[in-house]
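Heads up: the structure comes next, in structure tokens.
The values are calculated or read from the model by the stated rules, or taken from the named source; none is laboratory data. Computed from a predicted structure; not experimentally measured. Backbone-built Cβ (ideal geometry, glycine too); neighbour counts: all protein chains shown.
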Amino acid sequence: MNVILMGPQGSGKGTQAGRIGPRLGLTQVATGELFRAAIAARTGLGRRIKDLYDRGDLVPDDLTIGLVEEKLDEIDRERDLGEGVGGALFDGFPRNREQAKALDAALARREQAITAVVRIDVPLAMLVARLAGRRVCKRCGAVYHVEFNPPRADGVCDRCGGEVVQREDDTAEAVTKRLEIYFKQTEPLLAYYEERGLVAAVDGDRPIEAVTEAIVAAITRHVPSANAAVSPTAGEQG
Ligand code: AMP
């Protein structure tokens, strides 16, 4: 099973991916998260993309696709080792047509395909409010909001104890650019997946727990076998 979470910045993809992945046995593939880790570790890739990232521009497709391929190989290895991995949960990828085609090809080479695309709908005014107050853990990437979902201790991650900070690209200018790119390049991808009957829409303007349940229900409707993967005990983090 391979699922894409699709929605504009601030729609809650990262928050929901962190909750749904463990619940359905899916490994999160969050390209933004992978880029943040590369920037923090000052790897060659990190140094190359930092300025683009801070401005809110997209990282070039070849670099992004290469990173996703590495992640897919890692998931395949874990699956082969019998580590209970049921597939990938994409968050922030694909973001344009080129990436969507590359993802289809990469999955086809592995005799797999996209099984569902969940569109998370949130009104624009709410997106902006969420992004302005968003904070993330520098270490594990957990997502918080100063008002709607604060960590228990100020500035400290509930999950790993890491430092909780504002993202470099959550400035007003970068947010405007990122939303523009989303509506111009990413949203049109929904038609690409709709043609294949893969898209389910979920109202994301509700409490975090309600959105999680709606997404799990949507995926389960598309992929009845996902039901069997639903763990009754997991999924209560973040
Ligand atoms: P996100 O955390 O998904 O909002 O991504 C943060 C930033 O990482 C974006 O503004 C881009 O600079 C970069 N990025 C993340 N995913 C992609 C992608 N699929 N393609 C190109 N750039 C990306």
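Across segment 119-135, what is the number of residues that are farther than 27 Å from Ala218 by Cα and not in a loop (DSSP other than H, G, I, E, B)?
Residues meeting the conditions: 2.
Could you go through segment 183-191 and let me know if any residue there is without any contact (Cβ under 8 Å) to a residue 24 or more places away in the chain and either more than 15 Å from the ligand (Cβ to nearest atom) or farther than 17 Å from Ser11 by Cα (or both).
Among the residues of segment 183-191, at least one is without any contact (Cβ under 8 Å) to a residue 24 or more places away in the chain and either more than 15 Å from the ligand (Cβ to nearest atom) or farther than 17 Å from Ser11 by Cα (or both), which makes the answer yes.
Could you tell me which numbered condition Gly92 fails, if it satisfies all but one of (1) touching an Asp or Glu at 6+ places or on another chain (Cβ under 9 Å); (2) farther than 20 Å from Ala38 by Cα; (3) small (Gly, Ala, Ser)?
(2)
Consider only pairs whose beta carbons are under 7 Å apart and that are at least six residues apart or on different chains; among these, list those whose first residue lies in segment 5-31 and is within 16 Å of Pro207 (Cα to Cα) and charged (D, E, K, R) and whose second residue is in a helix (DSSP H, G or I) and more than 10 Å from the ligand (Cβ to nearest atom).
Listed pairs, sorted by first residue: Arg19/Thr212.
Going by what's in this entry, would Ala30 be described as farther than 23 Å from Asp121 by Cα and touching a helix residue (DSSP H, G or I) at 6+ places or on another chain (Cβ under 9 Å)? It would help to see each step written out before you state the result.
Values: farther than 23 Å from Asp121 by Cα: no; touching a helix residue (DSSP H, G or I) at 6+ places or on another chain (Cβ under 9 Å): yes.
So Ala30 fails the test.
Can you name every residue in segment 113-125 that is surrounded by fewer than 17 Cβ atoms within 10 Å (Cβ to Cβ) and not hydrophobic (A, V, I, L, M, F, W, C)?
Correct list: Asp121, Pro123.
Provide a single number: the residues in segment 11-41 that are within 12 Å of the ligand (Cβ to nearest atom), closer than 18 Å to Asp169 by Cα and part of a helix (DSSP H, G or I).
12
Within segment 77-89, identify whether any single residue is within 21 Å of Lys184 (Cβ to Cβ), touching a strand residue (DSSP E or B) at 6+ places or on another chain (Cβ under 6 Å) and of a type outside the set (Lys, Arg), and answer yes or no. Outline the logic, then answer.
First, the residues of segment 77-89 that are within 21 Å of Lys184 (Cβ to Cβ): none.
Scanning segment 77-89, I find no residue that is within 21 Å of Lys184 (Cβ to Cβ), touching a strand residue (DSSP E or B) at 6+ places or on another chain (Cβ under 6 Å) and of a type outside the set (Lys, Arg), so the answer is no.
Regarding Val128, is this residue under 19 Å from the mean Cα position of the chain (by Cα), surrounded by 21 or more Cβ atoms within 10 Å (Cβ to Cβ) and not small (Gly, Ala, Ser)?
no
If you check Lys177, Lys184, which single one turns out to be basic (Lys, Arg) and more than 21 Å from Lys50 (Cα to Cα)? Working first, answer last.
Working: Lys177 fails: more than 21 Å from Lys50 (Cα to Cα).
Only one candidate passes the filter, namely Lys184.
Within segment 1-10, restricting attention to residues that are outside any loop (DSSP other than H, G, I, E, B) and within 12 Å of the chain's Cα centre (by Cα), which residue is surrounded by the most Cβ atoms within 10 Å (Cβ to Cβ)?
Among those residues, the one meeting the criterion is Val3.
So which residues in segment 42-97 are without any contact (Cβ under 8 Å) to a residue 12 or more places away in the chain and either in a strand (DSSP E or B) or within 15 Å of the ligand (Cβ to nearest atom) (or both), if there are any at all?
Thr43, Gly46, Arg47, Lys50, Asp51, Leu52, Pro60, Asp62, Gly66, Glu70
Checking the conditions here, which among Val143, Val156, Val211, Val175 is surrounded by 15 or more Cβ atoms within 10 Å (Cβ to Cβ) and modelled with pLDDT of 95 or more?
One residue alone meets the criteria, Val211.
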